[in-house]
Structure formats: C-alpha cells, structure tokens
Amino acid sequence: MSKPARDLLDPKNDYVFKRLFGEHPALLVSLINDLRPDLPAILAVEVLNPEINAEELRGKYIILDLLARDETGHDYNIEIQVRRYGHWHQRALYYLARMLSQQLGQGEDYSLLRAAVGIHLLDFDLFTATAEQCQQAHWRFEMRDHAQPAVGLGNLLQLNLIELKKADRLGRDRDRRADWITFFEHWREETTMAAIDHPPVREALSQIRALSADEEARRLAFVRERALHDEATLLKEARQEGLEQGRRETARGLLAQTTLDDASIAAITQLPLVEIQTMRRASR
C-alpha cells in the first residue's frame with residue numbers, strides 16, 4: 001500500500017535525491033536535459049558513484065552528489081543543497097575544475113577534453129543583491145570575457161544553478177523545467193502534482209512513493225536528515241559563540257577605556273549584568 005502524500009520522503013534530502021536519480025539513470029537523463037533546454041540533449045548517462053556508505057550519511061559538511069558521464073564523455077556533477085554554506089561556490093568550482101583535470105592521462109592530447117558540467121539545485125535564494133537578481137532563478141556560468149560576454153572560451157567548464165524557491169515563486173516558465181521545480185517544491189501536494197503530465201516527473205513521483213514504502217530507506221533518510229540538523233545546530237552554536245566572544249571583547253574595552261557604569265556596558269553589549277560585574281572585579 002502506497003504512503004499518503006504527507007508521508008512521502010523529501011526528494012530534496014540528498015540521500016533520497018541520490019537514490020532516486022542514481023538508481024534510475026533514465027530519470028537523470030531527463031533531469032539534465034530538462035534543466036538545460038537550450039543545449040543539445042544527451043541520450044544516456046553512466047552513474048560513476050552510485051554507492052552510499054554509512055560514513056557519508058552521518059558525515060557533517062558532506063553533500064551527497066551524483067557523478068555521471070554521458071555517451072559522448074561529458075562529465076556531470078549533480079547535487080541538491082538545502083542549506084547555504086559560506087564557501088559553497090569555491091567548493092563547486094574546485095570540484096568542477098578537478099573533474100576536468102582528471103579526464104586526461106599523462107601525455108594525452110588536450111583535444112580529448114570533454115565538458116565538466118555542474119548542475120546544482122539550491123533550495124534557498126542565493127542572488128538577491130539587486131532587483132534584477134531577484135527576478136532571475138536560473139543561472140549558467142561559463143568562461144567569458146568581462147567586457148564582451150559574447151566572446152567566450154567554450155563551455156568545457158559550466159556551472160548551472162537553479163534557485164528552486166525563487167523559481168517556484170516567480171513561476172514564469174511553463175515548461176518541463178518548471179515541472180521539475182514543482183516536483184521538488186510541492187511533491188506532497190496531490191492536487192498540484194496531479195496537474196503535471198510530464199512522464200519523467202510522473203515516474204520520479206512514483207519512485208518516491210516506492211522509496212517511501214521501504215522502511216530501511218525511511219530510516220536512512222532520517223539518519224541523513226538528523227546529521228544535517230546536527231550540522232546546522234553546530235554552525236549556529238559556532239556563530240553564537242563568535243558573537244558572544246565579540247561582545248566580551250567589547251565589554252573589556254569599555255571597562256578599560258571608559259567611565260561607563262556596569263549597567264550601561266551590559267545594555268550596550270547585551271551581556272548579563274553579573275558577567276560585567278565579574279569582569280570589572282577581575283580587571284582591578
């Protein structure tokens with residue numbers, strides 16, 4: 001018996017994402033083609049890292065990605081991210097460059113190079129600095145001249161980003177790419193999903209139902225989700241610790257260089273009054 005929609009596993013959980021597209025290469029082909037509709041379609045892919053081990057599931061600061069190669073030798077790094085990391089783009093560029101550099105053996109000709117393509121689905125808004133950025137959710141970065149962007153060095157290095165929440169919110173596309181965005185954002189909404197007739201998305205939803213009925217898969221998805229929650233908690237605690245340390249440094253400076261009373265320093269630094277009083281006694 002299939003699970004009710006409210007009990008379906010989240011395809012944005014990177015364990016579930018990797019199971020879904022790593023075990024069903026035809027779905028991965030459709031995803032790649034539909035997310036880049038203006039580029040030549042690929043026909044098949046080989047998943048290069050289908051395994052998922054326990055260390056990865058429990059590992060903090062690890063993203064479960066998919067590495068794949070199409071029939072012409074182009075390499076792909078496909079992943080989904082639900083949390084923003086401070087240096088995520090450096091990581092993305094590093095792995096993309098490494099994929100390209102590992103294609104050639106010693107003495108092989110550069111003409112043998114094929115594209116290294118990153119496709120990252122982001123479940124958060126990334127580019128929001130300007131009004132124009134807030135109105136765009138699909139991005140493709142290649143090597144192009146700054147002054148004349150029409151002049152480029154090809155697309156051997158290509159990073160595609162899709163801001164899922166922003167794309168869903170803007171809702172401008174009415175195409176297969178939009179169907180996938182709806183799937184990732186609204187997979188538990190039966191009425192919404194029933195309106196999608198794109199066969200690969202229908203198949204992906206069917207596979208999510210099957211995976212959700214597997215108790216071991218549900219357990220491992222929970223293990224992964226718990227690890228991600230632990231990671232978020234650690235990051236939050238680290239930021240909080242840094243803020244508190246900064247407040248204490250400010251308080252010490254105010255105690256040493258001003259005539260402010262303890263209550264005023266506590267109000268400025270948002271530290272407990274008793275802590276300021278303790279610091280003052282220690283400084284005498």
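A short reminder: the numbers here are calculations on the coordinates, not readings from a lab. Please read all numbers here as calculations on a predicted model, not as lab measurements. Every residue, glycine as well, gets a Cβ built from its backbone with ideal geometry; the counts of neighbours run over all protein chains shown.
Structure notes:
- With θ taken as phi - 60° and the Karplus curve 6.51 cos²θ - 1.76 cosθ + 1.60 applied, the whole-hertz 3J(HN,Hα) list for segment 151-167 is 9, x, 9, x, 10, 5, 10, 9, 10, 9, 10, 10, 7, 4, 5, 5, 4 Hz, x standing for glycine and proline.
- The C-alpha atoms of the chain define a longest principal axis, and helix 199-212 lies at about 60 degrees to it.
- Rule-of-thumb Rg ratio for the chain [Cα; 2.2 N^0.38 Å; N residues]: 1.28
- For ALA68, net neighbour charge (Lys/Arg +1, Asp/Glu -1) across residues whose Cβ lies under 12 Å away: -4
- Both numbers refer to the Cα atoms of segment 86-144; Rg and Dmax are 15.3, 49 Å.
- Amide hydrogen proximity for ILE119: with H placed 1.01 Å from N in the peptide plane, the residues at 5 or more positions away or on another chain lying under 5 Å are ASN77, ILE78, GLU79, ASN160.
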